[in-house]
Amino acid sequence: MPIIKSIPAIKIINGVQIRTSELAIVSEPQYTTNGEYSIVIRGIDNCILKLNSLTTDRVKIKAMTNVLIIPDINSIDEEWDEILYRSESNGTALKEALWYCDSLIVQEPEELRSSILASLEQVAKSHG
């Protein structure tokens, strides 16, 4: 399946001008970032997403499949060498998100995000 890219964009990463796109929709088993603002991964069972440190300083990833996120060199940050995420259900994802608390940002699906916020508000109310 093809990689679909949207509106062209120009970004400056580490002082270098990068021609990229705002969004990439990926349906390939392997993909390397190229400065996109967002990446949607779908239509495949598994994907390895390599973060290109020369062209990408941050990216939002929405995955509708199992994704292994790896850096091109060293680590993703001071703590993580790679990230693999999959969840059997929103309930399981809710428990995992609450476990990681302030180390994790859940953007979608909205119902999971709402459940996390409601749970945290309940904890604050009970212990606040």
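Miscellaneous remarks
- Residue-averaged 222 nm ellipticity for the chain, from DSSP H runs of 4+ at -39500 (n - 2.57), nearest 500: -7500 deg cm²/dmol
- FRET efficiency estimate (nearest 0.05) - Cβ-Cβ, His127 to Arg58, R0 35 angstrom: 0.60
- FRET efficiency for Ile73 and Asn46, using Cβ-Cβ distance with R0 set to 22 Å, rounded to 0.05: 0.45
- Calculated semi-axes √(5λ) of the Cα gyration tensor in Å (choose from (1) 29, 17, 15; (2) 29, 15, 11; (3) 21, 15, 15), label: (1)
- Pairs of Lys residues in the chain that lie 8 or more places apart, or on two chains, and have C-alpha atoms under 24 angstrom apart add up to 11.
- A dipole drawn for the chain from +1 and -1 charges on Cβ atoms has a positive end, and of Ser27, Ala118, Ala93 the residue lying farthest that way is Ser27.
- Contour excess over end-to-end distance, with Cα ends at Ile12 and Ser89 and 0.36 nm allotted per residue: 23.9 nm
- Taking amide H as placed 1.01 Å from N in the peptide plane, Ala63 has its amide H under 5 Å from the amide H of Ile41, each at least 5 places away in sequence or on another chain.
- Under a model in which nothing but the beta-carbon of Lys, Arg (+1) and Asp, Glu (-1) is charged, the chain shows a dipole of about 400 debye around its Cα centre.
Bear in mind that the values in this text are calculations on the coordinates, not laboratory data. Being a predicted model, the structure only gives us computed values, none of them experimental. In this analysis, Cβ positions are derived from the backbone assuming ideal geometry, glycine residues included, and neighbour counts consider all displayed protein chains.
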